[in-house]
Amino acid sequence: MANSLHEQLLKAGLVDQQKLKQVKSAKRKQQKQQRKSKEVVIDEAKLAAQQAAAEKAERDRELNRQLKEQAERKAIAAQIEQLITLNRLPREGDIAYNFVDQNKVKRIYVTEAIRDKLSEGLLAIVSLKEQYEVVPAKVAEKIRQRDEACVILCNDRQADLTDEDDPYADYKIPDDLMW
């Protein structure tokens, strides 16, 4: 096959007989030297192909990792949305409850019972698609495990315990005090 290629190049006039002999002798010398020295002659084309294949494999691994992370984020977002929609309390009430979200004071309207439970830490406020929902504190804890940013307000129940050395322990905060 190599001879037929050589013959075709000769017929086309792309190489002459002398150039063909030089290439053949150089190839024979290289093979002879390789056999004598038992050294591996570096084939640059092979090396470049291997390097390109390794780079492509690395790019593919990185792309697969990014796709996997994106799928995991979508799955977590779907889990959070499902937790909120299944456990949210109905929107009702006429008492304004103020809370802070990203350094801005926000307001939702709740009933007196919900307000008290929010203050006690039994209920929490979470965000879902730019809206605020009230859910039980246990659900908010599950949401917090998946994404901390979704839980806007979850009062700590331990904060209500009074300190024994507190000089103002005898002075209770009135129930009707709102900020």
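The values are calculated or read from the model by the stated rules, or taken from the named source; none is laboratory data. Every value quoted in this text rests on a predicted model; they were computed, and no experiment measured them. Cβ placement follows ideal geometry from the backbone for every residue including glycine, while neighbour counts extend to all protein chains displayed.
Residue count for region 117-135, restricted to those that are surrounded by fewer than 16 Cβ atoms within 10 Å (Cβ to Cβ), in contact with a Lys or Arg (Cβ under 9 Å, 6 or more places away or on another chain) and outside any helix (DSSP H, G or I): 1.
Here K106 passes the criteria (1) of a type outside the set (D, E); (2) loosely packed, with under 11 Cβ neighbours inside 10 Å; (3) within 33 Å of the chain's Cα centre (by Cα) except the one numbered (2). So how many residues does region 7-24 have that are surrounded by fewer than 10 Cβ atoms within 10 Å (Cβ to Cβ) and at negative phi? So the count comes out to 5. Criterion applied to Q79, Q18 was being free of Cβ contacts under 8 Å to residues at least 12 places away in the same chain and either out of contact with any Cys (no Cβ under 6 Å at 6 or more places or on another chain) or more than 30 Å from V126 (Cα to Cα) (or both), and the one residue passing it is Q18.
Take L83 and tell me if it is in contact with a helix residue (DSSP H, G or I) (Cβ under 6 Å, 6 or more places away or on another chain), surrounded by 10 or more Cβ atoms within 10 Å (Cβ to Cβ) and closer than 30 Å to S119 by Cβ. When the stated conditions are applied, L83 passes them. Candidates V23, V15: the one that is at pLDDT below 90 and not in a helix (DSSP H, G or I) is V15.
Going by what's in this entry, would A113 be described as in a helix (DSSP H, G or I) and surrounded by 13 or more Cβ atoms within 10 Å (Cβ to Cβ)? No. For region 69-77, the condition holds for no residue, the condition being that it is exposed (fewer than 10 other Cβ atoms within 10 Å of the Cβ) and either under 30 Å from V151 (Cβ atoms) or of a type in the set (K, R) (or both). Quick check on region 42-63. Is at least one of its residues free of Cβ contacts under 8 Å to residues at least 40 places away in the same chain and assigned to a loop (DSSP other than H, G, I, E, B)? Yes. Scanning region 51-80 for residues being more than 16 Å from the chain's Cα centre (by Cα) and not charged (D, E, K, R) gives a total of 5. Restricted to region 81-103, and to residues there that are over 30 Å from the mean Cα position of the chain (by Cα) and assigned to a loop (DSSP other than H, G, I, E, B), the residue that is nearest to V134 (Cα to Cα) is L89. Can you spot a residue in region 133-143 that is in contact (Cβ under 8 Å) with a residue 60 or more places away in the chain and among the hydrophobic types (A, V, I, L, M, F, W, C)? Checked region 133-143: at least one residue is in contact (Cβ under 8 Å) with a residue 60 or more places away in the chain and among the hydrophobic types (A, V, I, L, M, F, W, C).
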